[in-house]
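Worksheet: the structure to be examined is printed underneath.
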C-alpha cells in the first residue's frame, strides 16, 4: 500500500500538470512525458545540490517539452514517450558535449597539412 504522503504528491502533481495544460493550452501528453523524464533525471542525480537539481529540472522539463517530439518524434510514435526520453537525457548529453568540446585542440585543425 502506498504511503499517504507519496499518494498526495502524485495526486497534486497530476492535478498541477492537468490544470497547467488546460489553462495555458499546452499539450498534456508532452507535458506529462517531459515532467516524468525530468523527474527521473533529477532523482538519479542525487550527488548534486538542491539548487542545481532544481535548475536542471527546469532545463530538462523545458527542453523535453520543446524538443522531445521534434528530435525523437520519428523514432517514437507517441509524443509523450519522445518527450520523456529526451528530457531524461538532454542535460547529461549537454554536459558530455561541453566536456568533449573542451578537449578539442583547434590549433591542429588550423595548421596546414604537411
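The values are calculated or read from the model by the stated rules, or taken from the named source; none is laboratory data. In this text, all values refer to a predicted model and were calculated from it rather than measured experimentally. FYI the Cβ positions are ideal-geometry reconstructions off the backbone, even for glycines, and counts take in every protein chain you see.
Going by what's in this entry, would residue 40 be described as in contact with a helix residue (DSSP H, G or I) (Cβ under 7 Å, 6 or more places away or on another chain), modelled with pLDDT of 85 or more, buried (at least 17 other Cβ atoms within 10 Å of the Cβ) and within 14 Å of residue 84 (Cα to Cα)?
Details: in contact with a helix residue (DSSP H, G or I) (Cβ under 7 Å, 6 or more places away or on another chain): yes; modelled with pLDDT of 85 or more: yes; buried (at least 17 other Cβ atoms within 10 Å of the Cβ): no; within 14 Å of residue 84 (Cα to Cα): yes.
Judged against the criteria, residue 40 is not a match.
Just one of the numbered conditions (1) exposed (fewer than 14 other Cβ atoms within 10 Å of the Cβ); (2) at pLDDT 85 or above; (3) in a loop (DSSP other than H, G, I, E, B) is not true of residue 76; which one?
(1)
Does residue 57 satisfy being out of contact with any strand residue (DSSP E or B) (no Cβ under 8 Å at 6 or more places or on another chain), buried (at least 17 other Cβ atoms within 10 Å of the Cβ) and closer than 15 Å to residue 94 by Cβ? If you could, list the steps in order and put the result at the bottom.
Values: out of contact with any strand residue (DSSP E or B) (no Cβ under 8 Å at 6 or more places or on another chain): yes; buried (at least 17 other Cβ atoms within 10 Å of the Cβ): yes; closer than 15 Å to residue 94 by Cβ: yes.
Judged against the criteria, residue 57 is a match.
Only one of 85, 91 is at pLDDT 90 or above, farther than 17 Å from residue 17 by Cβ, under 12 Å from the mean Cα position of the chain (by Cα) and assigned to a helix (DSSP H, G or I). Can you tell me which?
Details: 91 fails: at pLDDT 90 or above.
Just a single option satisfies the conditions, and that option is 85.
If residue 46 meets every condition in (1) surrounded by 12 or more Cβ atoms within 10 Å (Cβ to Cβ); (2) modelled with pLDDT under 85; (3) closer than 28 Å to residue 93 by Cα apart from one, which number is that one?
(1)
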